[in-house]
Amino acid sequence: EPQTAESGGGLVPPGGSLRLSCTSSGFTFSDFWMSWARQAPGKGLEWVANIKPDGTNIHYIDSVKGRFTISRDNAKNSLYLQMNSLRAEDTALYYCARDWQWGFDSWGQGTLVTVSS
Amino acid sequence: QSALTQPASMSGSPGQSITISCTGTSSDIGGHNYVSWYQQHPGKAPKLLIYEVTTRHSGVSSRFSGSKSFNTASLTISGLQAEDEADYYCSSYRSTTTSFVFGTGTTVTVL
């Protein structure tokens, strides 16, 4: 069964940085696009970014362009999200998910990022 | 980036059917068949129900079905059960921004 698990969240002041990680198992990681999505407390889902299997094609939501960087290490079955210049509005539970036929499956339980002074 | 529009809440009695709408534009829902639906129980991760408008994901009950007409996609839950009480989100690829967008979410209550 395909699975993902996120880590790296925490409390960070505005303007700070954080690096999220996502480890995957149960499927051939290097065959799939992977995405990050987030959910602010009590709010809806928001897609953040995705990355092609070989890392050569990447897309972001406008609000994180220039601040967030998605990357992957296929040898480690791992996905990453480097988040810089964090803002209060980036506070959310961050999920990684496998891209599946223009949808997303194998969501992890999420890692909470809180941006506050 | 503007979210797709869903009703905030819907309800039904056990055994009834409900249909959740998801309205977008010609740049997303109306432009292709890359629409998916998710179920999220409180405190849990989202679960993929439907992809490419109508295809049920592996292990998903046949009580869930999807459709689309022009710029509006729909998720129908037939034979409503207590376990169906959850939040539901639609999603679509948006070609103009090469990104994905989720709906505003619908809370389903089983009376």
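The values are calculated or read from the model by the stated rules, or taken from the named source; none is laboratory data. Being a predicted model, the structure only gives us computed values, none of them experimental. Here the Cβ is made from the backbone with ideal geometry for all residues, glycine too, and neighbour counts use every protein chain on show.
Taking the condition more than 14 Å from every other protein chain (Cβ to nearest Cβ), at negative phi and out of contact with any helix residue (DSSP H, G or I) (no Cβ under 6 Å at 6 or more places or on another chain), does A:Leu86 pass?
Against the criterion (more than 14 Å from every other protein chain (Cβ to nearest Cβ), at negative phi and out of contact with any helix residue (DSSP H, G or I) (no Cβ under 6 Å at 6 or more places or on another chain)), A:Leu86 qualifies.
May I ask you to verify whether A:Val12 is farther than 27 Å from B:Gly105 by Cα and modelled with pLDDT of 95 or more?
So A:Val12 fits the description; yes.
Of these, A:Ser25, A:Ser21, which one is farther than 24 Å from B:Ala3 by Cβ and under 11 Å from the mean Cα position of the chain (by Cα)?
Selected residue: A:Ser21, the only one of A:Ser25, A:Ser21 that is farther than 24 Å from B:Ala3 by Cβ and under 11 Å from the mean Cα position of the chain (by Cα).
Of the numbered conditions (1) part of a strand (DSSP E or B); (2) farther than 23 Å from B:Gln6 by Cα; (3) within 14 Å of chain B (Cβ to nearest Cβ), A:Tyr80 satisfies every one except a single condition; which is it?
(3)
Need the failing condition index for B:Phe102 against (1) in contact (Cβ under 8 Å) with a residue 12 or more places away in the chain; (2) at the interface with chain A (Cβ under 9 Å from one of its Cβ atoms); (3) surrounded by fewer than 21 Cβ atoms within 10 Å (Cβ to Cβ), just the number.
(3)
Just need a number here: residues in the range A:51-67 that are within 13 Å of another protein chain (Cβ to nearest Cβ) and either in a loop (DSSP other than H, G, I, E, B) or surrounded by 17 or more Cβ atoms within 10 Å (Cβ to Cβ) (or both).
Looking only at that region, the number is 8.
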